[in-house]
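Take a look at the structure set out below.
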Amino acid sequence: MSKSRFEMMRIIKKQIINEFDEKYKKGDIVLFKDINNMLKYNKLFSVLPKVTRVKDLINFLVENNILISFKHQISKNKSTTKYAFREIKKYKTPLKIRKKSFLSHYTAMYLHNLTENIPKNIYTNQEQSKKSSNKNYDLQQKNIDKAFSKPMRKTNHIVFFDDFNAYMLNGKNTERLGINKIEVDGDDLSITDIERTLLDVSIRPGYGGGIEEILAAFINAKGEISINRLLAYLRKTDYIYPYHQVLGFYLDKAGYKESQLKILESMDIEYDFYLNYNMTNPSFSERWKLYYPQHL
């Protein structure tokens, strides 16, 4: 009597594990198409009955803890199951899901020791394709007011792991401005540097733990950052909104030198702007022409 596909997989279990150990490292993403190709073209699997499906092999690998499954939600209405090899590595695995992505926002704040909190979730960023310059955009106060009267838009592109979620952000194309490598848990991973991190969370405070955490990050960064580099990043990113007013406010509140504040103050301060989205009865900074929460 011929053996079933499941019995045969158990018989060659050690060889299967060896095949995967040679091809992948812990925390790597294993794609459905890769498993399909192994089943089709790898001689090892030729001993399995022809009725063996990719799902059969995946189930076997999951049952034996060779693959760890997780849910990848691409949008509100679209999700899929993906697999990591042997374990979920908190920082490495989310980065493996998208090419050229990097750790950013609250995750970068934590890894750069800018916060004492340990963020539960992970933030990764992948730059969009290049778009035309904003130089000819006609910015109007009423449009600023309207945009910041609403809650900050947040991504629906989320990966759900057992112990944490990873938010997959799509950032403005900056040609990887301020992206460095650091070693985390034995892996060399891409991450925004301190200046780029502070800029990113100032622009999207909902991804930086909130404005109190961001202010604390500016305080913790004193002596560690270059204001000139921070401003060079801001100029190069070419945002429509006057985020230099936000940076000036944070640096002012964090107690940076007056000479550093003057650099930001010398830039055009034409519009009333906002530290955060959807604020109720905010205070107003005359120096930075900026609305901010009263408790600050």
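Just so you know, all these numbers are worked out from the coordinates, no wet-lab data involved. The structure displayed is predicted, hence computed values, not measured ones. Cβ sites come from the backbone with ideal geometry, for glycine too, and all protein chains shown count toward neighbours.
State which stretch of the chain is the longest one without any exposed chymotrypsin sites (Phe, Trp or Tyr not before Pro), exposure meaning a DSSP loop state and at most 14 other Cβ atoms within 10 Å.
Here the longest segment lacking exposed loop sites spans 1-136.
Using only helices, what value at 222 nm comes out for the chain when you add -39,500 (n - 2.57) per DSSP H run of length 4 or more and divide by the total residues, to the nearest 500 deg cm²/dmol?
Numbers: 12 runs with 107 residues, N = 296.
For the chain, the value works out to -10000 deg cm²/dmol.
List the trypsin sites (Lys or Arg not before Pro) in segment 147-184 that DSSP assigns to loop (not H, G, I, E or B) and whose Cβ has at most 14 other Cβ atoms within 10 Å. Which are they? Walk me through the numbers on the way to the answer.
Working: sites: R153, K154, K172, R176, K181; in loops: R153, K154, K172, R176.
In loop regions of segment 147-184 (DSSP not H, G, I, E or B), the sparsely surrounded trypsin sites (Lys or Arg not before Pro) are R153, K154, R176.
R0 = 35 Å: FRET efficiency of V51 with D185, Cβ-based, nearest 0.05?
In this case the efficiency is close to 0.30.
For A147 and Y41 in one chain, what is 0.36 nm times their gap in residues minus the Cα-Cα distance, to one decimal in nm?
Working: separation 106, 0.36 × 106 = 38.16 nm, distance 5.38 nm.
Fully extending the segment from A147 to Y41 adds 32.8 nm.
Can you pull the percent of Cα pairs in the chain with separation above 28 Å?
Details: 21107 of 43660 pairs.
The calculated P(r) of the chain puts 48 percent of pairs beyond 28 Å.
Non-local amide H neighbours of L67 (under 5 Å, H modeled in plane, Pro and chain starts lacking H): which ones?
V62, R86
Along the Cα-to-Cβ line of N59, 7 Å from the Cα, sits a label point; which residues in segment 9-38 have backbone N less than 20 Å from it?
The answer is 9-14, 16-17, 31-38.
Rounded, prolate or oblate: pick one for segment 196-242, where a ≥ b ≥ c are the square roots of the eigenvalues of its C-alpha gyration tensor, a/c under 1.5 means rounded, and failing that, prolate if a/b is larger than b/c, else oblate.
Here segment 196-242 falls in the oblate category.
Could you pull out every one of the aspartates and glutamates with an alpha carbon less than 19 Å from that of K100, ignoring same-chain neighbours closer than 8 positions?
Cα-Cα hits under 19 Å: D28, E127, E175, E183, D187, D188, D193, D200.
Against the 2.2 N^0.38 Å scaling, with N counting residues, where does segment 5-70 land? I'd like the Cα-based Rg ratio to two decimal places.
Numbers: Rg = 11.0 Å, N = 66, 2.2 N^0.38 = 10.8 Å.
Computed over Cα atoms of segment 5-70, the ratio equals 1.01.
Multiplying the sequence separation of K172 and S129 by 0.36 nm and subtracting their Cα-Cα distance, what value in nm do you get? Walk me through the numbers before you get to the answer.
Values: separation 43, 0.36 × 43 = 15.48 nm, distance 0.80 nm.
Length gained, K172 through S129: 14.7 nm.
Efficiency by 1/(1 + (r/R0)^6): what FRET value for E212 and L31, r their Cβ-Cβ distance, R0 = 30 Å, to the nearest 0.05?
On the way: r = 40 Å, r/R0 = 1.35.
Efficiency computed from Cβ-Cβ geometry: 0.15.
Using Cα-Cα distances under 8 Å and only pairs 6 or more residues apart, what relative contact order does segment 88-292 have, in percent? Before the final figure, lay out each step's value.
Values: 307 pairs, mean separation 46.0, N = 205.
Result for segment 88-292 is 22 percent.
Using unit Cβ charges (K, R positive; D, E negative) and no other charged atoms, how large, in debye to the nearest 20, is the dipole of the chain about its Cα centre?
Details: 49 positive and 34 negative charges, 349 e Å.
Roughly 1680 debye, rounded to the nearest 20.
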